[in-house]
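These notes are about the structure you will find just below.
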Amino acid sequence: MNFVDISVELFIGFILLFLMTKILGKTSINQVTPFEFISALVLGELVGNAIYDEDIGFGYILFAVFVWGLLMYIAEMLEIKFLKLRGFLEGNPSIVIYNGIIDRNELRKNKMSINQLQTLLRQKDTFSVHEVEFALLEANGTLSVLKKSLYSTTTQQDLDMHPRPTFLSVTFIIDGEVLLDNLTASGFDEAWLQNELVKLNIKRVEDIFYAEWHQEEGLYVIPMKQSTAR
């Protein structure tokens, strides 16, 4: 097998895995269940073996990826349609802390030690088990925590304050290029943007590393020089 053949098969494998990822959805790494993780490993192994095995042609690569991807797709559709099957394939959350008490049976069932539980709690900004009222170990291994009312974050409702509207920041410039879709969707044009930049003593868009717009705070700009400063 020469370098050209390897390059072509790598390119095909890359495209196939990319398309399969798009078809199967936008699940992030921390949302991947054990079943999905193993499926992804097997799919990658199938493509890898097919690429580097001289006796296997492009047809085998296409067939292997298609069949395994089809099985994963069918499994996901069955999970969506049948609740019981969803619990079997994805797993169900486990309540490891109930009413402030650690359930040692649930810890043992999930092969988890108290040290691992403490680590997950610290990742949730909880440094004492005493602060927790309920804690659920999700099917993907993450921990959901509900603190006791004494340690929970104060909200505007608790302080009887009137809620304020929340606005989303919109990116207008990245690496010296204007994102026209974002600009026009926000009701502005390039002339307005240029005028705002002049107010900030910036003459060229190319001199901007990043710029975003917030309805309450206005335009926030990071120049190229500032982004590279040490």
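Only protein heavy atoms count here; under a 1.4 Å probe, TYR210 has an accessible surface of about 60 Å². Checking the cross-link pairs LYS203/LYS225; LYS199/LYS225; LYS81/LYS147 against a 24 Å limit on the alpha carbon distance flags LYS81/LYS147 as lying beyond it. Treating each Cα of the stretch 58-217 as an identical point scatterer and summing with the Debye formula, the log10 of I(q)/I(0) at q = 0.09, 0.21 Å⁻¹ comes to -0.70, -1.18.
The values are calculated or read from the model by the stated rules, or taken from the named source; none is laboratory data. Source: prediction; values computed, not measured. For the accessible areas, the whole protein counts, side chains as well, though only heavy atoms, and no ligand, DNA or RNA atoms are used. Shrake-Rupley method; radii C 1.70, N 1.55, O 1.52, S 1.80 Å.
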